[in-house]
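Peer 1: Here it is: the structure, laid out below.
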Amino acid sequence: MAPFAPDAPTKQPSPPTLYSFKDSDELSSSLAAFVIKAQNEAIERRNKFTVATSGGSLPKMLAKELVNRTDNALRWDKWEIFFADERLVPLDHEDSNYYLCDKEFFSKVPELKRSQIHTIDESLLEDPEELSDAYEKELVTAFAGKASVRNPVFDLILLGMGPDGHTCSLFPGHELLNEKDRWVAPIEDSPKPPAKRITVTYSVDRSCRSSADVAESFFYAQLNHAHRVAFVLAGEGKQEMLSKVLDQPELGLPASRVKPAPPGDVYFITDDAASKTTKYERSEFKL
Ligand SMILES: O=C1O[C@H](COP(=O)(O)O)[C@@H](O)[C@H](O)[C@H]1O
């Protein structure tokens, strides 16, 4: 399979694809099939699978059909897991996205080693800037093998969306929506507690930092540089905001701004309760 080579910046991102399923069971089994396809393509491409996950309602829906499988479809040894956002609390704190993912998902997969899961550095909790820089470096190092080369492109980014349209820890109207420099940024005034967090940013336009990177003309990362980005949303509580995000992208809500550079794609994988009111066209789920 050809390596990911983002097209010229003049090419427009593809519109989102909406898959809607009758209930949460169907959503979870289709999500598992979607993840396995992304995994298989990534392994064929680079012999590993890099995934960024979120907290909130996602880990439970993700785990439902991924853990305890008996069909050998999952190649856990190839997974490298990162966090699309994280709260600045100890990793065993119940507000931690790692803690939640571990409780719902990782701990149920004995094949997954702790070294495959890239968590924040707990020793830096008192210094959000430092911690955020360290996590960015962690990401760069894991992707490129050395911190001086910077070209992470996630194979899959899994996102949730809050009732205000926030995704990761990117909140409506917040200055971080315009962050063009950092791939991972700290936020200390999150309107949803806890206030201190880090988040992956969009950072699509500024895809290089050093002149060497400029010469290396495709050099892409973050939310808008991934093979696949998937929002996973279930329940009536997501209905109103999903309609706004899909039907009124001009509102510029944080979730609407996720537009991966071609050939990356963005998907909304929902149940019918969440997608009930959107007028956006549903696509037939085929892999
Ligand atoms: O604060 C956060 O919220 C979002 C959405 O959570 P959900 O419970 O509405 O699914 C989540 O995606 C993010 O990781 C988390 O830090």
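The values are calculated or read from the model by the stated rules, or taken from the named source; none is laboratory data. Note that the coordinates shown come from a computational prediction; the quantities given were computed from them, not determined experimentally. Don't worry about glycine lacking a Cβ; one is built from the backbone with ideal geometry, like all the others, and counts go over all protein chains shown.
Peer 1: For residue 54, only one of the following conditions fails: (1) among the polar types (S, T, N, Q); (2) in contact with a Phe, Trp or Tyr (Cβ under 9 Å, 6 or more places away or on another chain); (3) without any contact (Cβ under 8 Å) to a residue 40 or more places away in the chain. What is its number?
Peer 2: (3)
Peer 1: Let me ask you something else. Name the single residue, out of those in segment 68-89 being of a type outside the set (D, E, K, R) and buried (at least 18 other Cβ atoms within 10 Å of the Cβ), that is farthest from the ligand (Cβ to nearest atom).
Peer 2: Among those residues, the one meeting the criterion is 74.
Peer 1: In this structure, does residue 43 turn out to be out of contact with any strand residue (DSSP E or B) (no Cβ under 9 Å at 6 or more places or on another chain), modelled with pLDDT of 95 or more and either assigned to a loop (DSSP other than H, G, I, E, B) or more than 16 Å from the ligand (Cβ to nearest atom) (or both)?
Peer 2: No.
Peer 1: Are any residues in segment 228-254 touching a residue at least 12 places away in the same chain (Cβ under 8 Å), of a type outside the set (A, V, I, L, M) and assigned to a helix (DSSP H, G or I), and if so, which ones?
Peer 2: Once the filter is applied, which keeps residues that are touching a residue at least 12 places away in the same chain (Cβ under 8 Å), of a type outside the set (A, V, I, L, M) and assigned to a helix (DSSP H, G or I), segment 228-254 yields 236, 237, 238, 239, 240, 243, 244, 247, 254.
Peer 1: Please go through segment 48-67 and pick out each residue that is out of contact with any helix residue (DSSP H, G or I) (no Cβ under 6 Å at 6 or more places or on another chain), assigned to a helix (DSSP H, G or I) and more than 10 Å from the ligand (Cβ to nearest atom).
Peer 2: If the condition is that a residue be out of contact with any helix residue (DSSP H, G or I) (no Cβ under 6 Å at 6 or more places or on another chain), assigned to a helix (DSSP H, G or I) and more than 10 Å from the ligand (Cβ to nearest atom), then 62 is the only one that fits.
Peer 1: Oh, and also: Which of the residues spanning segment 66-78 are within 19 Å of the chain's Cα centre (by Cα) and within 18 Å of residue 103 (Cα to Cα)?
Peer 2: Selection gives 66, 76.
Peer 1: Just one of 44, 111 is loosely packed, with under 14 Cβ neighbours inside 10 Å, touching a residue at least 40 places away in the same chain (Cβ under 8 Å) and among the acidic types (Asp, Glu); which is it?
Peer 2: Just a single option satisfies the conditions, and that option is 44.
Peer 1: Something else: Looking at residue 260 and the list (1) closer than 23 Å to residue 28 by Cβ; (2) outside any strand (DSSP E or B); (3) away from the ligand (no atom under 13 Å from the Cβ), which single condition is not satisfied?
Peer 2: Of (1) closer than 23 Å to residue 28 by Cβ; (2) outside any strand (DSSP E or B); (3) away from the ligand (no atom under 13 Å from the Cβ), only one is false for residue 260: (1).
Peer 1: Show the residue pairs meeting these rules: Cβ distance below 6 Å; 6+ apart or different chains; first residue within segment 255-276 and farther than 15 Å from residue 57 by Cβ; second residue in a helix (DSSP H, G or I).
Peer 2: 256/245; 256/249; 276/239
Peer 1: In segment 76-100, what residues are among the hydrophobic types (A, V, I, L, M, F, W, C) and under 19 Å from residue 138 (Cα atoms)?
Peer 2: Those that are among the hydrophobic types (A, V, I, L, M, F, W, C) and under 19 Å from residue 138 (Cα atoms): 79, 81, 82, 83, 84, 88, 89, 91.
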